[in-house]
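So the structure is just underneath, and the comments pick up after that.
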Amino acid sequence: MRRAFYIGRFQPFHLGHYSLIKDIAQDVDEVVIGIGSAQKSHEPKNPFTAGERVMMIRHALEDADIKHYAIPLEDLQRNAVWVSHIISMAPPFDVVYSNNPLVVRLFKESGTPVEQPPMYQREGYSGTEIRERMLNDGDWQSLVPEAVVDVIDEIDGVNRLKSVSKSDKDYKD
């Protein structure tokens, strides 16, 4: 049994994440998906809860036949012990897939093998771009799996993002 670990914020889970996880799944038997910054939600950069992100991932991967675990992971503000925190919270894994320089460094220092896969159309598939399109009534739906559109619609995610992105200056008497 070979198991990989992949972490992201998934705000929201998009087609870049989906494609990368599909590629990782070709090399391993199971994928442990770490949902980073799990404690954050209802913020412009982090509008979705950990539970909602679990739903996005589960439903998006449902038909892909990828054995996976989606594990919410709260931020730990001590990088020297971050890897041991991840190991204590996740099922055992053999290899980490990441392009985040800090994640790569910390896992390599711990002796864990790290693969740095090519990113899938990074310029278009980014949470920042998708959230910006949501705020401006643009086409964000084409950048996420259909199942994620359904989850975001179910939770009224676009209106939540618009609401939490306002400031008190946006409200008039």
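The values are calculated or read from the model by the stated rules, or taken from the named source; none is laboratory data. For clarity, every value in this text was computed on a predicted model and none was experimentally measured. Cβ placement follows ideal geometry from the backbone for every residue including glycine, while neighbour counts extend to all protein chains displayed.
Among the candidates Arg9, Arg58, single out the residue that is touching a Gly at 6+ places or on another chain (Cβ under 7 Å), under 26 Å from Ser142 (Cα atoms) and surrounded by fewer than 21 Cβ atoms within 10 Å (Cβ to Cβ).
On the way: Arg58 fails: touching a Gly at 6+ places or on another chain (Cβ under 7 Å).
So the residue among Arg9, Arg58 that is touching a Gly at 6+ places or on another chain (Cβ under 7 Å), under 26 Å from Ser142 (Cα atoms) and surrounded by fewer than 21 Cβ atoms within 10 Å (Cβ to Cβ) is Arg9.
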Review point. Going by the structure shown, is Pro117 within 23 Å of Ala64 (Cβ to Cβ), in contact (Cβ under 8 Å) with a residue 40 or more places away in the chain and surrounded by fewer than 16 Cβ atoms within 10 Å (Cβ to Cβ)?
Key: yes
Review point. Hey, does segment 76-91 have a residue that's part of a loop (DSSP other than H, G, I, E, B), surrounded by 18 or more Cβ atoms within 10 Å (Cβ to Cβ) and either in contact (Cβ under 8 Å) with a residue 24 or more places away in the chain or not hydrophobic (A, V, I, L, M, F, W, C) (or both)?
Key: no
Exercise for review: Test Leu102 against the stated conditions and say whether it is of a type in the set (A, V, I, L, M) and surrounded by fewer than 13 Cβ atoms within 10 Å (Cβ to Cβ).
Suggested key: yes
Check your understanding: Can you pull out the residues in segment 18-29 that are touching a residue at least 24 places away in the same chain (Cβ under 8 Å) and either surrounded by fewer than 18 Cβ atoms within 10 Å (Cβ to Cβ) or under 17 Å from Asn100 (Cβ atoms) (or both)?
Key -> Ser19, Leu20, Ile21, Lys22, Asp23, Ile24, Asp27, Asp29
Exercise for review: Could you please find all residues in segment 1-35 being farther than 15 Å from Leu61 by Cβ, touching a helix residue (DSSP H, G or I) at 6+ places or on another chain (Cβ under 9 Å) and either assigned to a loop (DSSP other than H, G, I, E, B) or among the β-branched types (Val, Ile, Thr) (or both)?
Suggested key: Ile7, Arg9, Gln11
Review point. Would you pick out the residues in segment 122-161 that are of a type outside the set (A, V, I, L, M) and assigned to a loop (DSSP other than H, G, I, E, B)?
Key: Arg122, Glu123, Gly124, Tyr125, Ser126, Asn136, Asp137, Gly138, Asp139, Trp140, Pro145, Asp156
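Would you be able to say whether some residue in segment 97-104 is in contact with a Pro (Cβ under 9 Å, 6 or more places away or on another chain), part of a strand (DSSP E or B) and modelled with pLDDT of 95 or more? Even if it seems obvious, please write down each step before you answer.
We begin by selecting, within segment 97-104, every residue in contact with a Pro (Cβ under 9 Å, 6 or more places away or on another chain); these are 97-99.
Then drop every residue that is not part of a strand (DSSP E or B), which leaves 97.
Next, only the ones that are modelled with pLDDT of 95 or more stay: 97.
Yes, there is a match, as at least one residue in segment 97-104 is in contact with a Pro (Cβ under 9 Å, 6 or more places away or on another chain), part of a strand (DSSP E or B) and modelled with pLDDT of 95 or more.
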Review point. Is one or more of the residues making up segment 128-140 crowded, with 17+ Cβ neighbours inside 10 Å, in contact with a His (Cβ under 7 Å, 6 or more places away or on another chain) and closer than 18 Å to Glu43 by Cα?
Key: yes
